[in-house]
Amino acid sequence: MAALTDEVKAFIVRGLACFETPTEVARYVKEEFGIVVTASQVQAYDPTKRQGRSLSEKWRATFAADRAAFRAKVEEIPIANLAFRLQELTKLYRKATSQGNVVAASSLLEQAAKEVGGAFTNKQRHEVAGPNGAPVAVTQTTMTAEEFDARAKRLLDAY
């Protein structure tokens, strides 16, 4: 196993924090520094993995900071933005319709509808409604304590 400098360790931690695989990071280390490291050696620098459980606090903090920065940077990536994706789909749709490509245009409309409807997310929407979308009817029943006790007894006796 190769002895690694802090510069190489930081490179490995940053790569793993950015969701690169250990194999990819090992390849990048070889390309960048000319050092051959194994994927399992790289994985020891990932505190989210079993092999990284004994990672020093310095590298854990670096990993956490780089992971947070990477996740925050998603907003800066155009294709991760719904408005950008819809704009690009619109351009493709216009091109497809101008070329008379009905199949592609139809497919692009479907994809845009899925984008807007949240089909590509793991969020779920639940709507509760009565018949034909009407509000759910809510009824309130009042009863005396004696009536409640009698009803509870009947229900319990049924089991």
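What follows is calculated from the coordinates using simple rules that are stated; it is not laboratory data. Remember, it's a predicted structure, so these values are computed and weren't measured experimentally. For neighbour counting, all protein chains shown are included, and Cβ atoms are generated from backbone atoms with ideal geometry for every residue, glycine included.
I want the local charge near R67. Using Cβ-Cβ distances under 14 Å, sum +1 for each Lys or Arg and -1 for each Asp or Glu among the other residues.
Once all neighbours under 14 Å are counted, the net charge is +2.
So, in Å, what gap is there between the alpha-carbon centers of region 133-159 and region 32-99?
55 Å
How do F33, F148 rank when sorted from fewest to most other Cβ atoms within 10 Å of their own Cβ? Walk me through the intermediate numbers first.
Details: F33 15, F148 11.
Listing F33, F148 from fewest to most nearby Cβ atoms yields F148, F33.
What number results when the radius of gyration of region 1-95, computed over Cα atoms, is divided by 2.2 N^0.38 Å?
Working: Rg = 17.4 Å, N = 95, 2.2 N^0.38 = 12.4 Å.
Rounded to two decimals, the normalised Rg is 1.40.
Could you estimate the translational diffusion coefficient of the chain from the Stokes-Einstein equation, with Rh from the Kirkwood formula over C-alpha pairs, at 4 °C and 1.567 mPa s, in whole µm²/s?
Answer from the Stokes-Einstein relation: 59 µm²/s.
What's the angle, to the nearest 10 degrees (0 to 90), between helix 22-33's Cα axis and the longest principal axis of the chain?
Value to nearest ten degrees: 30.
About its Cα centre, what dipole magnitude does region 78-117 give when the only charges are +1 on Lys and Arg Cβ and -1 on Asp and Glu Cβ, stated in debye to the nearest 20?
Magnitude of the dipole: close to 100 debye.
Could you count how many Lys pairs in region 6-75 have their Cα atoms under 20 Å apart, skipping same-chain pairs fewer than 8 positions apart? Working shown, then result.
On the way: K9/K30; K9/K49; K9/K58; K49/K58.
Here the count comes out as 4.
Straight-line reach only, C-alpha to C-alpha below 24 angstrom: list the lysines that K91 could link to, leaving out same-chain residues fewer than 8 apart.
Here the lysines satisfying the reach criterion relative to K91 are K114.
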